[in-house]
Amino acid sequence: MPAALPIRTRLATSAGLAVAGLSRRIGAGEGSVIGGRVLLAVDPGALERLAAGRTIALISGTNGKTTTTSMLAAALAARGEVVTNSTGANLMSGLVTTLGRAGGSAAPAVLEVDEGLLPKAVAGLHPSVVLLLNLSRDQLDRIGEVRIHAQRWRAALEGAPSTAVVANADDPLIVWAAGLARQVSWVGTGQRWRLDAYSCPNCGEQIEWDDAGHWACTNCSLARPSPHLALDGDDVVLADGRRVRVELQLPGWANRANAAMAAAGAETVGVDVGDALSTMGAVAHVAGRYQVVSVADVRVRLLLAKNPAGWAEALDLIRPAPLPVVVGINARIPDGRDPSWLWDVPFERLRGRLVIATGDRGRDLAVRLRYAQVEHRFVEGYVDAVRAAGVADLDLAANYTSFQDARRELARA
């Protein structure tokens with residue numbers, strides 16, 4: 001621990017890390033949450049003290065937080081040690097445990113933050129830069145309407161004049177949320193999900209898009225800003241016209257967009273965009289996402305999607321029909337208790353193949369698939385679901401806790 005830390009903070013950190021370590025040893029979990037709770041119970045001011053004097057980047061948004069965090073951490077790691085919570089412990093307890101594990105190091109920190117806690121994290125951590133990815137419906141029973149987040153982010157960033165912001169220019173909610181920040185770098189991501197931003201967050205009137213993807217409110221001045229950096233196919237285009245190829249192991253447009261955001265964040269703290277993107281190519285999977293596991297001679301690729309916007313992108317990554325696919329759905333607290341969002345996912349795109357529905361709410365999914373006219377079966381248990389597909393190579397897509405259940409069950413098989 002640095003000598004400058006008060007003894008209470010040092011004792012709190014030691015206690016929290018000891019509890020986190022015990023949690024791992026007894027198989028009760030990774031330990032960040034319970035360790036952080038103990039740490040903050042002993043010293044409620046520990047988060048700000050552990051963050052003091054450190055370059056901190058915060059990443060928040062509905063989708064892509066963990067992947068973007070991993071990419072930005074990889075970019076900064078080329079220059080030395082980086083502290084990060086890239087496994088997704090993004091509540092205040094997880095943030096304080098991550099910083100506590102840094103010990104006496106003054107290494108920069110790259111931290112994923114839950115959307116609802118970003119204002120509190122900005123106030124407590126005084127970050128050098130905040131990356132705002134996107135906002136869309138997710139866990140409405142726990143988080144609430146996404147515009148509430150945009151309002152709170154807007155107020156928090158107005159009150160943080162020394163914090164630079166990297167913001168997605170193609171999400172009207174994000175543009176409005178970043179509108180009062182003093183330093184903003186806009187990134188053109190080519191975002192395709194628009195169902196949560198048809199009305200202007202500033203005045204409530206309609207937003208219109210043109211064929212080039214530019215958008216503007218039909219009533220007020222809110223409009224797509226000119227990006228400082230933009231994704232164009234497989235390239236990132238800089239403000240001076242220079243093009244840098246994005247070569248990733250992670251598939252799909254969404255991950256190229258995550259890389260563009262991470263590259264802009266890296267540039268804000270002094271890393272060349274080209275250098276940053278080259279390091280991101282080494283990221284092969286993130287907390288199990290896109291990992292391939294073998295189960296009884298079946299190769300299973302794991303995909304995570306948590307909400308309608310995420311599923312719209314995940315469906316593009318699932319290999320084409322007639323190859324079967326396993327889809328797992330839960331509705332626990334981290335997922336949101338209300339699974340009605342299933343009706344906003346275009347599962348019609350899975351027609352022409354067999355879908356094996358599984359998970360706690362696999363029967364709710366089966367009803368949705370029936371109305372989408374998709375051939376399906378419900379099979380309880382992830383190993384049995386994989387076997388029921390009857391092929392040697394397939395994709396398994398699941399929402400948050402279903403994804404974690406699948407990883408554990410398939411690893412034991």
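The values are calculated or read from the model by the stated rules, or taken from the named source; none is laboratory data. What you are looking at is a predicted structure, and each value in this text was computed from that prediction instead of being measured. We place every Cβ from the backbone using ideal geometry, glycine too, and count neighbours over all the protein chains shown.
Need a quick list: strands (runs of 3 or more DSSP E) entirely within region 173-270 having at least 3 residues that are in contact (Cβ under 8 Å) with a residue 12 or more places away in the chain and β-branched (Val, Ile, Thr).
Hits in region 173-270: none.
Test of understanding: among GLN206, GLN191, which residue is surrounded by fewer than 21 Cβ atoms within 10 Å (Cβ to Cβ), of a type in the set (S, T, N, Q), out of contact with any His (no Cβ under 9 Å at 6 or more places or on another chain) and assigned by TED's automatic domain parsing to the domain that holds PRO119?
Criteria check complete, one pass: GLN206.
Which of the residues belonging to region 356-395 are touching a residue at least 24 places away in the same chain (Cβ under 8 Å), out of contact with any Pro (no Cβ under 7 Å at 6 or more places or on another chain), buried (at least 18 other Cβ atoms within 10 Å of the Cβ) and part of a strand (DSSP E or B)?
Of everything in region 356-395, those that are touching a residue at least 24 places away in the same chain (Cβ under 8 Å), out of contact with any Pro (no Cβ under 7 Å at 6 or more places or on another chain), buried (at least 18 other Cβ atoms within 10 Å of the Cβ) and part of a strand (DSSP E or B) turn out to be ALA357, THR358, ASP395.
Check LEU118, LEU72, LEU111, LEU76 and return the single one that is buried (at least 18 other Cβ atoms within 10 Å of the Cβ), assigned to a strand (DSSP E or B), of a type outside the set (Val, Ile, Thr) and within 19 Å of the chain's Cα centre (by Cα).
None of the others qualify; the one that does is LEU111.
Taking the conditions exactly as written (over 18 Å from THR279 (Cβ atoms), in contact with an Asp or Glu (Cβ under 9 Å, 6 or more places away or on another chain), surrounded by fewer than 21 Cβ atoms within 10 Å (Cβ to Cβ) and not assigned by TED's automatic domain parsing to the domain that holds PRO308), does SER23 satisfy them or not?
yes
Give me the residue from region 26-44 that is among the small types (Gly, Ala, Ser) and touching a Gly at 6+ places or on another chain (Cβ under 9 Å) and, out of that set, surrounded by the fewest Cβ atoms within 10 Å (Cβ to Cβ).
ALA41
Could you say whether any residue in region 299-311 is at pLDDT below 95, aliphatic (A, V, I, L, M) and surrounded by fewer than 21 Cβ atoms within 10 Å (Cβ to Cβ)?
Checked region 299-311: no residue is at pLDDT below 95, aliphatic (A, V, I, L, M) and surrounded by fewer than 21 Cβ atoms within 10 Å (Cβ to Cβ).
Hey, ILE7 hits all of (1) at pLDDT 95 or above; (2) surrounded by fewer than 22 Cβ atoms within 10 Å (Cβ to Cβ); (3) β-branched (Val, Ile, Thr) but one; which does it fall short on?
(1)
Any chance region 158-181 includes a residue that's surrounded by fewer than 13 Cβ atoms within 10 Å (Cβ to Cβ) and either within 27 Å of TRP341 (Cβ to Cβ) or touching a strand residue (DSSP E or B) at 6+ places or on another chain (Cβ under 7 Å) (or both)?
no
Going by the conditions given, is VAL300 within 25 Å of the chain's Cα centre (by Cα) and either among the charged types (D, E, K, R) or not in a loop (DSSP other than H, G, I, E, B) (or both)?
Yes: the conditions hold for VAL300.
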